[in-house]
Each structure stands twice: as C-alpha cells, then as structure tokens.
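The values are calculated or read from the model by the stated rules, or taken from the named source; none is laboratory data. Note that the coordinates shown come from a computational prediction; the quantities given were computed from them, not determined experimentally. Here the Cβ positions follow ideal geometry from the backbone for every residue, glycine too, while neighbour counts run over all protein chains shown.
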Amino acid sequence: MSKRQTVFQRPQVVELLRRLREPRRFLQVVAGPRQVGKTTLVQQAMEALDLSVRYASADEPTLRGPEWIQQQWHAARLESSTAGDAGTVLALDEVQKIPGWSETVKRLWDEDKHAKRPLKVVLLGSAPLLIASGLNESLAGRFETLYMTHWTYAEMRAAFGWTLEEYIYFGGYPGAAPLKDQSTRWARYIIDSLIETSISRDVLLLTRVDKPALLRRLFELTCRYSAQILSYTKMLGQLHDAGNTTTLAHYLDLLAGAGMSCGLQKYSRDAARSRGSSPKLQVMNTALMTATSGVTFTEARADHEYWGRLVESAVGAYLANAAAAGKCSVAYWRERNREVDFVVSAGRRITAIEVKSGRTPQVHPGMSAFSTAFKPDRMLLIGGNGIALEEFLSKPVLHWVGP
C-alpha cells in the first residue's frame, strides 16, 4: 500500500465524525459498492474519536445468525458502561448478510434508547439496495445514510497521482491502483475480487434471482454496451434468452443496487413514459468495462471509437454515482435521430450535457431540440470546444448542475 493511499481521507470521514460527535443519537448507515473504502472510512473516523470503539464484520463465507449481532451489541454495552458520558461506538460491517438483521438492530437500539445508554452504532453494507430494504421496513426514523460512491478522478489523482487517461481506463477502485502497471493481474483482480464477489455474495446470495446466468450475462452486456441505448427486446436477443423485459429491468435494478451498472431512463416529464423507455446502459466504474473487454490501455487509446465510449462512460459514471448518493437524478434524451447524452435534474434545475472526446462542430441538433422542448436551465458541452473533461471531472457534480 502506498503512502498516499495510507494518509488520504475522503470527505465522508469528516461528515461521519461530525455526526458521531453530535449529542443526538441516530444509527449511522455507511452504504456503497465493494472496495470503495467503507471500512477504511470507519477506521479513520474511529482513530480520530475520543471514544471507545468496537468493530466487527459479518463478511464470512457462511451467513451468521441474529445472535451474532446480540453478542457484539452486548459487548459494546459493557464497554459503554465504563466509558463515561462519551460513550462507545459499535461498528458492524456487512450487516446485511445477517438474516433478520434489521429487526434485531431495531429491538436492541430501542432498548438502549429507553435505558439512555450512550452507545452509538455504525452499520456498513456493500449493496445499498439490499441494506435499504431492511432499513425501510424496520428502522424508519432511526437512521441516517452516508453513501460511499466509487472514487472520483479528483480523489484518485490526489491519492495516487493518476492522470486523466489512467482514470478513464482504470476507473476508481483504490485497491486495484497498485496493480495498474501489471495489466493482466489488474484485470484478474477486478474480475475475481470485485465483479464475481459482488454478484455471488452481494446479489445472488442475498436476493432471489431465478436466472443467475441471465443476470451475469446482463452485466457483461452492460459493460460491452456502456454509454449506448439498447431496447429490452434487443437485449433479450443479445442474451439469447426467452425471458421478459420485466425480469431484465429488475436485474438491472439489482446491479445498480450493488453499484455495478445501471440503465438510465429517457428524460420525460411523464414518469410512466420514462419508466417504459429503452434504457441507456451505464457502468458505475469504467474499470468494470475495460477489465472485461480484453482491450489493453495502449489499444484503448489507439481506438478512437472505443476511447470515445470510455470517455462518455466515465462522465456517465461520475453523474450516476452522484445520483446514487442522492445529489441529483440522471437520464438521457432521444427523439428520432436527435439525442442528448445526459439530462441531470437537481431540485428544479435541469441541465443538458453533451460529451465529445474530440473536436466537434458548433451545431448540436440534439441540444437545440431538447432546449426547444424542455427549456433547460443550463446546457453544457464536455470536451471538444467546450468544458475540458479534466476540469469537469475535477469538480463536484453540483458545481455544474446545482444553483
């Protein structure tokens, strides 16, 4: 591990510290994809706290039972009883893997509230979609969520000194950064430790999936066609499956919940029409796209068409991660042969975004048509003769689409 990686702290560390130091008590839920630094976040926050800390992980090959949560909780209560007014922090990692975890946490949390115990709890989970189901059912009003996105270009540059081209190809996985100069080993790490683990242990193990092979092939399809609009009918044809579009839409939701890939919907003021549109496939991290492609960094740079899709996928991943964190919503727009790459909604503000990887003509018929139809607050061209891609990816999304 490099010195840079050891000392680098993401902004969420400061936010978690602020919340844990407040006198009010909420369950703190740290959610996000695999290998984005959730455990490191909590460890860094714990080191900065003047509190006693108990950390335990349920990330085991076999699922633990609810009694494991009770054991950890009771041990933290004992520590809290001798910690004074400052109290104790209990951090439970991969908690969504415990059957019935939310009911157990609710009972223990309410017991502590009634007894006025100074115990603060942080729950960590790999898949936001999976952990949210238990939260919404049993723990309404008791928790706050801190979402950990994939690492941005600015973060990978600050932690590892990456160039823009390296980020576009290798994406935002900090654990894979030391393998960047060993392309085959890097790709195997992404495929085996991230993709396979996320699918087998975060989706298939914890969610009912009637066609696991179809879900895997669908993920491969999202990587192959990232940044492209593909109808569900064409997807089924590519997947050689006699399934239905509802199943594909559901599986796309599962992949999005695991922070792997998603299907952006067509922008429309009519929500029903938007949900029924053909999705624009989008990886959440370009490493997923390149590691599964067999295309090397040098080959990707030499292939202008492929690099253009990588650039658009990098912008789309940047926006989709911001949407997953609740900062905005992202869609695309197309009418006949006129298209806008991304339509970002932040509050009541609408921003239309066009991405170009090379020089581009001044006339953008898609933007003009969208402007006439929807009167967006802002229209941005990224790359080409517009805003430099590096500048765009270096600043927070809300800098571009917010008030």
| said: I want to confirm something. Restricting to the range 360-387 and keeping residues that are under 27 Å from the mean Cα position of the chain (by Cα) and of a type outside the set (A, V, I, L, M), which single residue is modelled with the lowest pLDDT? | reply: 383
| query | Looking at (1) within 30 Å of residue 154 (Cα to Cα); (2) in a helix (DSSP H, G or I), can you tell me which one residue 29 breaks? | reply | (2)
| task | Would you check if residue 94 is closer than 21 Å to residue 54 by Cα, under 22 Å from the mean Cα position of the chain (by Cα) and of a type outside the set (S, T, N, Q)? | result | yes
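Yes/no matrix, rows are residues, columns are (1) out of contact with any helix residue (DSSP H, G or I) (no Cβ under 6 Å at 6 or more places or on another chain); (2) not in a helix (DSSP H, G or I):
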| residue | (1), (2) |
| --- | --- |
| 104 | no, no |
| 107 | yes, no |
| 113 | yes, no |
| 135 | yes, no |
| 140 | yes, yes |
| 150 | no, yes |
| 167 | no, no |
| 184 | yes, no |
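When the range 136-156 is examined, which residues are found to be free of Cβ contacts under 8 Å to residues at least 40 places away in the same chain and either closer than 16 Å to residue 311 by Cα or not acidic (Asp, Glu) (or both)?
Result: 136, 138, 140, 141, 156.
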| query | Any residue at all in the range 310-322 that is over 12 Å from the mean Cα position of the chain (by Cα), charged (D, E, K, R) and at pLDDT 95 or above? | reply | yes
| remark: Scanning the range 96-111 for residues that are within 15 Å of residue 59 (Cβ to Cβ) and touching a Lys or Arg at 6+ places or on another chain (Cβ under 8 Å), the one modelled with the highest pLDDT turns out to be 98
| query | Yes or no: residue 214 in a helix (DSSP H, G or I) and either within 22 Å of residue 314 (Cα to Cα) or in the same structural domain as residue 318 (by TED's automatic domain parsing) (or both)? | reply | yes
| field | Given (1) over 27 Å from residue 396 (Cβ atoms); (2) surrounded by 15 or more Cβ atoms within 10 Å (Cβ to Cβ); (3) of a type in the set (Lys, Arg); (4) not assigned by TED's automatic domain parsing to the domain that holds residue 56, number of the condition residue 185 does not satisfy | value | (2)
| query | Scanning for something more than 28 Å from residue 84 (Cα to Cα), outside the structural domain of residue 325 (by TED's automatic domain parsing), modelled with pLDDT of 90 or more and among the aliphatic types (A, V, I, L, M), does the range 36-59 turn up at least one residue? | reply | yes
| task | Confirm whether residue 256 is in contact with a helix residue (DSSP H, G or I) (Cβ under 6 Å, 6 or more places away or on another chain) and touching a residue at least 40 places away in the same chain (Cβ under 8 Å). | result | no
| request: Report, by residue number, each residue of the range 41-55 that is buried (at least 18 other Cβ atoms within 10 Å of the Cβ) and part of a strand (DSSP E or B). | output: 53, 54
| query | What do you reckon, is residue 322 among the hydrophobic types (A, V, I, L, M, F, W, C), surrounded by fewer than 24 Cβ atoms within 10 Å (Cβ to Cβ), in the same structural domain as residue 266 (by TED's automatic domain parsing) and part of a helix (DSSP H, G or I)? | reply | yes
| field | Subset of the range 382-398 [outside any loop (DSSP other than H, G, I, E, B) and touching a residue at least 40 places away in the same chain (Cβ under 8 Å)] | value | 382, 389, 390, 392, 393, 394, 397, 398
| query | Is at least one residue of the range 347-370 surrounded by fewer than 16 Cβ atoms within 10 Å (Cβ to Cβ), part of a loop (DSSP other than H, G, I, E, B), out of contact with any helix residue (DSSP H, G or I) (no Cβ under 9 Å at 6 or more places or on another chain) and of a type in the set (Val, Ile, Thr)? | reply | yes
